[in-house]
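Computed from the coordinates by the stated procedures, all read-outs in this text should not be read as laboratory data. Given the structure is predicted, the values throughout are model-derived calculations rather than measurements. Using ideal geometry, Cβ is built from the backbone for each residue, glycine included, and neighbour counts are taken over all protein chains shown.
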Amino acid sequence: MVDDGLSAGAAARRLGVAVTTLRTWHQRYGLGPSRHVPGQHRRYTRQDLDRLEVMLRLTAQGVAPAEAAAWARRIPAGVAASVGAAAANGETPPVPGAARDGGGQAIPLGPASPAARGLARAAMRLDVPAMRHLLTAALVEHGVIDTWAEVVVPVLIGIGERYQATERFVEVEHLLSRCLTEVLAAVPRPPGLPRVLLAAADEEQHTLPLEALAAALAEAGVPARLLGARVPPRALADAVTRTGPTAVVLWSQLPGTGDPTQLDALTAHPRPPFLVAAAGPGWPHELPAGVVQLTGLAEAVALVSAAVG
Ligand code: B12
C-alpha cells in the first residue's frame, strides 16, 4: 500500500468487503479513514486497515459488531506498523489470537470479485469461521449458482494452480473443500422423493461440483440423492435399480476416471434413466449415444429440473 493511504473503494477491495460495509462501520463504529489530504476524501491508512481487518475477523467469528469495533479500536500503533508492512507485500495482516496467514503466500486469482478475494485470503489463513461466514453470506445474498461461479470456482482454480506450481498448500485445499462441503450441505433441502441421482465416477475423489449441483437443485425445489466420491459401476447400477431415478449425473474431474463404459452401463440399464448426463472435464469429447454432456452449473440445474419437472 502507498503511504498516501487508500480510497474507500481500494480499501474495500483489499479487505474483500463492500464499500457500503465500510461506510456503515465508519458511521456506526468510528472505524473510518484517518488520513486527511486537503481538498480530497479522507484515505485509509495502514492502521485503519488493520483495525478493519480485526473488525472483519471478529464479526466473521460471530462477535457482535459493536464489541468487535471496540476491540478493533484498541489495536496498538506498534502492531499496526508491522501489520502494515506485511500488507505492503500483499499479505494478510496477522492479528493476535487469530489464525495465522499463509506465510505471505497468496492464491493467484486474476480478475475476481471482492468475495472471492476474501475467501482466498481466509483460505490461506486457514480461517474456518471467516470462510464459512463469507460463503454463507454469499449464498444468502446471491444463491448457489452465482456464489459457485463468482466466488468459489476462481478460488478453486487458483488453489489448483498454486498446488501445481509449488506442490504445497494441500492443507488449504482440504480445509476449503471441507468448508464448502459443510456450507453447501446446509442449504435447506426440499421435501419429496428424490428422482435425481448424483455420483462421482469410479475412483473419482472430486465431488464439490456435484455438491454445488445438489445445493443448487435444492434451491430450485428439486431434491437429489448425492452418492459422493468414487462410486464403482456396480454400486451405481444397484442404486439405479433400487431408486429408479429420472436423471443421473456422473461427474469425472480427471481423464483417468472418465471411462465412458460407465455411461454405457447407465444407458443399457434394464430401467434406464430418462436423462443420463456426463459432467466434468474428465470425460472424452465423444460420449456414448444417448448421453448428454453438461458444461456448467446453471445449465445442469436447468436440464435436470426440466427432466424431472
Ligand atoms: C479441491 C480439489 C481436490 C480435492 C477434492 C475435494 C472434493 N471433495 O471434491 C482433493 C484433495 C480430494 C483432490 C484430490 C486430487 N486432486 Co485435485 N483439485 C481440487 C481443485 C482445487 C478443485 C476441484 C474442483 O472442484 N473443480 C471444479 C471447478 C473449479 O473446476 P472445473 O471442473 O475445471 O470447472 C470447469 C467445468 O467443469 C465447469 N464446471 C464448473 N463447475 C461445474 C459444476 C457442474 C455441475 C458442471 C456440469 C460443470 C461445472 O466450468 C469450469 C470451466 O470450464 C482442482 C483445481 C481445478 N482447477 O479444478 C484440483 C485438481 C482437479 N486436482 C488435481 C489432482 C492432480 C489431484 C490428485 C491426483 C492429487 C494427488 N496427487 O493425490 C487427487 C486426485 C484423486 C482422485 N483420484 O480423484 C489436478 C488435476 C490435473 C489433471 N487435469 O489431471 C487439479 C486440476 C489441480 C492442478 N492444477 O494440479 N483435489
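Using the Cα centre of region 128-281 as the reference point, and only Cβ charges (+1 on K/R, -1 on D/E), how large is the resulting charge dipole? Debye, rounded to the nearest 20.
Working: 11 positive and 16 negative charges, 108 e Å.
Dipole magnitude for region 128-281 comes out near 520 debye.
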Take the Cα of Ala237, step 7 Å along the line toward its Cβ, and report every residue of region 270-285 whose backbone nitrogen sits under 14 Å from that point.
-> 270-272
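Let me know the whole percent of all Cα-Cα pairs from the chain that are separated by more than 29 Å.
Numbers: 20953 of 47586 pairs.
Considering the chain, 44 percent of its Cα-Cα pairs are separated by more than 29 Å.
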Debye log10 I(q)/I(0) for region 216-257, one point scatterer per Cα, at q = 0.14, 0.17, 0.18, 0.27 Å⁻¹ | -0.39, -0.57, -0.63, -1.09
Under the 7 Å Cα-to-Cβ spin-label approximation, Arg13 and Leu303 lie apart by a distance in nanometres of 3.7 nm
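Take every DSSP beta bridge with both residues inside the chain and express the antiparallel ones as a percent of the total, to the nearest 5. Walk me through the intermediate numbers first.
Numbers: 2 of 19 bridges.
Antiparallel bridges make up about 10 percent of those DSSP assigns within the chain.
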Any chance you could give the angle, 0 to 90 degrees and rounded to 10, that helix 233-243 forms with the longest Cα principal axis of the chain?
-> 80 degrees
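Treating only the Cβ atoms of Lys and Arg (+1) and Asp and Glu (-1) as charged, compute the dipole magnitude of the chain about its Cα centre; round to the nearest 20 debye. Don't skip to the end; give the middle numbers.
Values: 27 positive and 27 negative charges, 235 e Å.
Rounded to the nearest 20 debye, it is 1120 debye.
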Cβ-Cβ cut-off under 13 Å around Pro270, Lys and Arg +1, Asp and Glu -1: the net charge is +1
